[in-house]
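The values are calculated or read from the model by the stated rules, or taken from the named source; none is laboratory data. Quick caveat, the model's predicted, so the values are computed rather than measured. We place every Cβ from the backbone using ideal geometry, glycine too, and count neighbours over all the protein chains shown.
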Amino acid sequence: MAIHFVADLHFNGDNARHAHPHGFADSAEMARRICETWSARVSPADTVWILGNVGNPVHLAGLPGIKHLVRGALDPQPLNCLATGRYASVCDFRRLDTEYGEVALVSDRSAAPEMDGLVLHGRGSGQTWAREGFFCVAAEQTGWGPVSLDQIVRGSLDVRRAA
């Protein structure tokens, strides 16, 4: 059982704004790519933390893994998210104790707490920055799917430190 992270899925989002800049014809093509990559990387017993901005959660229903949501600016209120039945939990911020130490999970990196551990985040407010210990797990940064904590910590995937 692995722990995976992904952010900024924007399922069925604005076609031009979310799909075209990445070479997809439309949001449906982008969603297919994310779902294919997710299914190849995640097993049913794995945990997936989604760090905000899911879009239409209907796509999550057929994807493997136990899904938790750390809400982003574009996600509904927690009760509305839980009502979909697609998430095991919904929060605005989470700290995880892992074999690698404490990991903070936020959608927007500017909301991250001061800490010595790893901070995983989505794209955030659009400004580029490099800050030690911060890793962006936006789908566009992770090869269009969730990445495992092992991959991030061991550097076996080219996850950018800044969005």
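Quick notes on this one:
- Among the residues of the stretch 70-78, some residue qualifies, meaning at least one is within 28 Å of Ala104 (Cβ to Cβ), in a strand (DSSP E or B) and in contact with a Ser or Thr (Cβ under 8 Å, 6 or more places away or on another chain).
- Scanning the stretch 90-116 for residues being outside any loop (DSSP other than H, G, I, E, B) and without any contact (Cβ under 8 Å) to a residue 60 or more places away in the chain gives a total of 12.
- Residue match in the stretch 94-106 (condition: touching a strand residue (DSSP E or B) at 6+ places or on another chain (Cβ under 8 Å), on the phi > 0 side of the Ramachandran plot and either at pLDDT below 95 or not polar (S, T, N, Q) (or both)): yes
- One residue stands out among those in the stretch 45-84 that are crowded, with 17+ Cβ neighbours inside 10 Å and of a type in the set (S, T, N, Q): the one that is modelled with the lowest pLDDT, which is Asn53.
- Single unsatisfied condition, Tyr87 versus (1) farther than 14 Å from Val6 by Cβ; (2) modelled with pLDDT of 90 or more; (3) part of a loop (DSSP other than H, G, I, E, B): (1)
- Of the residues making up the stretch 41-54, at least one is touching a Gly at 6+ places or on another chain (Cβ under 7 Å), under 22 Å from Glu140 (Cβ atoms) and part of a helix (DSSP H, G or I).
- Selection count, the stretch 15-40, where residues are part of a helix (DSSP H, G or I), exposed (fewer than 12 other Cβ atoms within 10 Å of the Cβ) and not hydrophobic (A, V, I, L, M, F, W, C): 2
- Residue list for the stretch 95-124, restricted to those being closer than 17 Å to Ser148 by Cα and surrounded by fewer than 18 Cβ atoms within 10 Å (Cβ to Cβ): Arg95, Asp97, Thr98, Glu99, Tyr100, Gly101, Glu102, Gly117
Yes or no, residue by residue, for (1) touching a Phe, Trp or Tyr at 6+ places or on another chain (Cβ under 6 Å); (2) within 17 Å of Gly122 (Cα to Cα); (3) β-branched (Val, Ile, Thr):
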{"site": "His4", "(1), (2), (3)": "no, yes, no"}
{"site": "Ala7", "(1), (2), (3)": "no, yes, no"}
{"site": "Ser27", "(1), (2), (3)": "no, no, no"}
{"site": "Ser39", "(1), (2), (3)": "no, no, no"}
{"site": "Thr47", "(1), (2), (3)": "no, no, yes"}
{"site": "Leu60", "(1), (2), (3)": "no, no, no"}
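- Tabulated pairs, the stretch 16-37, first over 26 Å from Gly65 (Cβ atoms), second surrounded by 18 or more Cβ atoms within 10 Å (Cβ to Cβ), C-beta under 9 angstrom, 6+ apart or interchain: Arg17/His10; Pro21/Glu140; Ala25/Ala19
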